[in-house]
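Visitor: Got a structure here, written out as structure tokens. Questions coming.
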Amino acid sequence: MAMAREEVYQKVKDVLVDALGVDDDEISEEATLTGDLGAESIDFLDIVFRLEKTFSIKIPRGELFPESLVSNPEYVEGGRLTPKGLDTLKKAMPHADFTKFEKDPDVNQMSNLFTVKTIVNYLSTKMAA
Amino acid sequence: MKFILLDRIVSIEPPTRIVASKSLSLAEEYLADHFPTFPVMPGVLMLEAMVQASAWLVRATQDFSRSMVVLEEAKNVNYKSFVSPGRSLKVTCEAIRIEDDSSEFKTVGRSPEGDEIVKARLKLRHYNLADRNPLLADTDERLVEDLKRKFDLLGGPSALKMAAALTNTI
Amino acid sequence: MRWIWIDKFTDFQSGVRATAIKNVTLAEEHLHDHFPAYPVMPASLIVEGMAQTAGILVGEARGFEEKVILAKVKQARFRREVRPGDQLQYDAEIENVTPEAAMTTGRVSVNGEPLAEIDIVFSHIDNNMSGLVFPEENFVFTEDFKSLLMNYNVSTSAAGTTS
């Protein structure tokens, strides 16, 4: 089922408008879900369900928004991801852009990895498969 | 229980914004059911506080010209934390638009320390009963009389005066 | 004022859907404040009626193990006012359940006519809110709520119906 990236982006925008109550023009590919769009943890669940419905796919837990890495002491030290942690996270999120985050992998900044682009990349890959 | 979910209008700037607060007390009987051993303000009563605050802004802006100001739609009502007895909820409602028959608000409820407890997007509709049934014009009058009394209880008129004074000094 | 906003279940399909009804009566105190000259059922309390119908549906599906609480009202839209003597009917359906949360859709009708759509996300708080400590026992599902379900089961087995 091939869908042009632009179409995926539009549908993702529609989902975010409904789930987060933001206006369409507040959304850009670079926008972070928590920082720019005000998403909270309960919204993440809502977003995943709506994406599953919109794109008729199954999104296994943790595949789009990996969660439990921070609880593993091997991956976190002094509030930052260790090289091993960073590596594991990159493997878990091939759809995210790490260029900014890897310069200073502060655990509190992890949510900035979740941008609109991250979602669009994930879905484009998933649907091309 | 009295169905007034606000205790005080902190500030009011028609047609833009209203800030009001609700203090929670264990004296409020429904808390015994919500929940036993863990009394907290029900989420829908936080919603009601935000609806009531928004409605006061509409009424003050429209000079109480419509007796009925009710919730038409609530969207993206997110609950982030709890309000326990002895604590309070400060509600801020920003009007996106206030038109004759309807209005829209972005509302947030915060703890005294400023942490977000709840937020919601609200749409209200406003009308007079006489619009649908001219025989109810008397009822509209009685509704407005009672509403003005409640507005007074909440400190509305003095909050309005303060806002006017501030605009005049600018 | 009690915090029970439904009167009776009229249908209950475990893990799938449930229907509950609520009578609106002047015997209820809050109507006398909302509003004194013209009582109407507050929309926020209609949301609570749906939250209780859907919440019990979700709770029962997981054996009342988790504390199911209201986390998000995705949307709630109301067509008109509800008055004393009206009867509300709440139809809730489970859309999705995970260990951390549940999503339900719902329709409310008044005297058989469509009134509202209310879609809710519940959080299973023990599995969710890190840092907050809750009492051990499940304070959400009180005996009052559980007996609403029991009365439904009793009345349907007495009538010989199966669901």
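The values are calculated or read from the model by the stated rules, or taken from the named source; none is laboratory data. Computed from a predicted structure; not experimentally measured. Every residue, glycine among them, receives a Cβ derived from its backbone with ideal geometry; neighbour counts consider all protein chains shown.
Visitor: Given the conditions (1) under 16 Å from B:V19 (Cα atoms); (2) modelled with pLDDT under 95; (3) surrounded by fewer than 17 Cβ atoms within 10 Å (Cβ to Cβ), which single one is not true for B:A165?
Guide: Failed condition: (1).
Visitor: Which members of region B:63-74 meet the condition of being at the interface with another protein chain (Cβ under 9 Å from one of its Cβ atoms) and assigned to a strand (DSSP E or B)?
Guide: B:M68, B:V70, B:L71, B:E72, B:E73, B:A74
Visitor: Output the qualifying pairs, or none if there are none: Cβ atoms under 6 angstrom, residues six or more apart or on different chains, first residue in region C:13-28 and at positive phi, second residue of a type in the set (G, A, S).
Guide: Listed by first residue and then by second, the contacts come to C:G15/C:A61.
Visitor: Give me the pairs: first residue in region B:13-28 and closer than 18 Å to B:G43 by Cβ, second residue among the aromatic types (F, W, Y) and part of a strand (DSSP E or B), beta-carbon distance under 7 Å, and six or more apart or on different chains, which are they?
Guide: Cβ pairs passing all conditions: none.
Visitor: I'd like the full set of residues that are β-branched (V, I, T) and either in contact (Cβ under 8 Å) with a residue 60 or more places away in the chain or within 15 Å of A:K53 (Cα to Cα) (or both), limited to region C:86-107.
Guide: C:I94, C:V97, C:T104, C:T105
Visitor: Taking only region C:35-46 into account, find how many residues are surrounded by 20 or more Cβ atoms within 10 Å (Cβ to Cβ) and at the interface with another protein chain (Cβ under 7 Å from one of its Cβ atoms).
Guide: Total satisfying the criteria: 5.
Visitor: Could I ask something else about it? From B:K119, B:K148, which residue is in contact with a Gly (Cβ under 9 Å, 6 or more places away or on another chain), of a type outside the set (D, E), in contact (Cβ under 8 Å) with a residue 24 or more places away in the chain and over 24 Å from B:A74 (Cβ atoms)?
Guide: Only one candidate qualifies: B:K148.
Visitor: Oh, and also: Here is a list: C:L132, C:L115. Which entry is within 14 Å of chain B (Cβ to nearest Cβ), outside any helix (DSSP H, G or I) and modelled with pLDDT under 90?
Guide: So the residue among C:L132, C:L115 that is within 14 Å of chain B (Cβ to nearest Cβ), outside any helix (DSSP H, G or I) and modelled with pLDDT under 90 is C:L132.
Visitor: Among the numbered conditions (1) within 14 Å of chain A (Cβ to nearest Cβ); (2) surrounded by fewer than 18 Cβ atoms within 10 Å (Cβ to Cβ); (3) in a strand (DSSP E or B), tell me where B:V77 comes up short.
Guide: (2)
Visitor: Identify all residues within region C:1-44 that are hydrophobic (A, V, I, L, M, F, W, C), farther than 23 Å from C:V73 by Cβ and out of contact with any helix residue (DSSP H, G or I) (no Cβ under 6 Å at 6 or more places or on another chain); write none if there are none. Don't jump to the end; show me each part of the working.
Guide: Looking only at region C:1-44, we keep the residues that are hydrophobic (A, V, I, L, M, F, W, C), and these are C:1, C:3-6, C:9, C:12, C:16, C:18, C:20-21, C:24, C:26-27, C:31, C:35, C:37, C:40-41, C:43.
Within this subset, residues satisfying the condition of being farther than 23 Å from C:V73 by Cβ are C:26-27, C:35, C:37.
Once the filter is applied, which keeps residues that are hydrophobic (A, V, I, L, M, F, W, C), farther than 23 Å from C:V73 by Cβ and out of contact with any helix residue (DSSP H, G or I) (no Cβ under 6 Å at 6 or more places or on another chain), region C:1-44 yields C:L26, C:A27.
Visitor: Can you say whether C:G59 is over 30 Å from B:N128 (Cβ atoms), small (G, A, S) and more than 14 Å from every other protein chain (Cβ to nearest Cβ), as far as the supplied structure shows?
Guide: no
Visitor: Tell me, please, whether a residue that is surrounded by fewer than 20 Cβ atoms within 10 Å (Cβ to Cβ), more than 22 Å from C:E28 (Cα to Cα) and away from chain A (no Cβ under 14 Å) can be found in region B:45-62.
Guide: Within region B:45-62, one or more residues are surrounded by fewer than 20 Cβ atoms within 10 Å (Cβ to Cβ), more than 22 Å from C:E28 (Cα to Cα) and away from chain A (no Cβ under 14 Å).
Visitor: On to the next question. Where in region A:37-129 are there helices (runs of 4 or more DSSP H), lying fully within it, with 1 or more residues that are assigned by TED's automatic domain parsing to the domain that holds A:D18, touching a strand residue (DSSP E or B) at 6+ places or on another chain (Cβ under 8 Å) and more than 25 Å from A:A4 (Cα to Cα)?
Guide: Where helices (runs of 4 or more DSSP H) fall fully within region A:37-129 and carry at least 1 residues being assigned by TED's automatic domain parsing to the domain that holds A:D18, touching a strand residue (DSSP E or B) at 6+ places or on another chain (Cβ under 8 Å) and more than 25 Å from A:A4 (Cα to Cα), they are A:41-55.
Visitor: Now for a separate question. For region B:77-108, how many residues meet the condition of being more than 20 Å from B:I12 (Cβ to Cβ) and of a type in the set (F, W, Y)?
Guide: 2
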